[in-house]
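The values are calculated or read from the model by the stated rules, or taken from the named source; none is laboratory data. Computed from a prediction, not measured in an experiment: that's the story for all the values here. All Cβ positions, glycine included, derive from the backbone under ideal geometry; neighbour counts span all protein chains shown.
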């Protein structure tokens, strides 16, 4: 059975092609093609990834972006569908690194369009996303500088410890998106001191 990272990769590519290259995304300043180029550069040029990017290599990065941008969206999507030749062709690595990456960016495509609705995710996908949220959550909510607890209605995790935390409750997919700084979310409730809720909602969350 394909992992959620793999199925989201394929679904994201299908959605991108169906929307077309100039459709909007939730990533400010990027259209659909820009987002696919970003994902290809991240995957095929790992030295350009956040935290690894080496400024002296910026001209090479820009050349890579330009080379991809010159190609049709359909060709770019076909290349992104198959991670052969990259570390992400190894299923465990793909699952660890790309489960959230492809979910969030797939929603960046979907939720920038009118009439979007949240998806019902498979239980296995929700487990993977919850595991990742607990792992990355502290870093994601750090910009808010306020204690944060998240709950999916069954399980609870403290992302940032402290007195009088803000507790966010809702589906794990919506929690992930909010913590990555996306505000096109539904079904979340916030409990805690009003000033801390405002501080959290106005913070630039994510990496």
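Brief remarks follow.
- Evaluation of residue 169 against the conditions (1) in contact (Cβ under 8 Å) with a residue 24 or more places away in the chain; (2) over 27 Å from residue 2 (Cα atoms); (3) surrounded by 14 or more Cβ atoms within 10 Å (Cβ to Cβ) shows that the sole unmet condition is (1).
- Among the residues making up the range 86-110, a single one is part of a loop (DSSP other than H, G, I, E, B) and either touching a strand residue (DSSP E or B) at 6+ places or on another chain (Cβ under 8 Å) or under 18 Å from residue 38 (Cα atoms) (or both): 86.
- Positions within the range 179-192 being exposed (fewer than 15 other Cβ atoms within 10 Å of the Cβ), in a loop (DSSP other than H, G, I, E, B) and modelled with pLDDT of 95 or more, in sequence order: 186, 187, 188
- Among the criteria (1) free of Cβ contacts under 8 Å to residues at least 24 places away in the same chain; (2) in contact with a helix residue (DSSP H, G or I) (Cβ under 6 Å, 6 or more places away or on another chain), the one residue 140 does not fulfil is (1).
- Any hit, the range 112-122, residues being in contact with a helix residue (DSSP H, G or I) (Cβ under 7 Å, 6 or more places away or on another chain), outside any loop (DSSP other than H, G, I, E, B) and touching a residue at least 12 places away in the same chain (Cβ under 8 Å): no
- A count restricted to the range 126-166 and to residues that are under 24 Å from residue 98 (Cα atoms) and either within 19 Å of the chain's Cα centre (by Cα) or surrounded by fewer than 19 Cβ atoms within 10 Å (Cβ to Cβ) (or both) stands at 26.
Quick grid of which residues meet (1) within 24 Å of residue 28 (Cβ to Cβ); (2) part of a loop (DSSP other than H, G, I, E, B); (3) touching a strand residue (DSSP E or B) at 6+ places or on another chain (Cβ under 6 Å):
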| site | (1), (2), (3) |
| --- | --- |
| 141 | yes, no, yes |
| 174 | yes, no, no |
| 177 | yes, no, no |
| 198 | yes, no, no |
| 201 | yes, no, no |
| 204 | yes, yes, no |
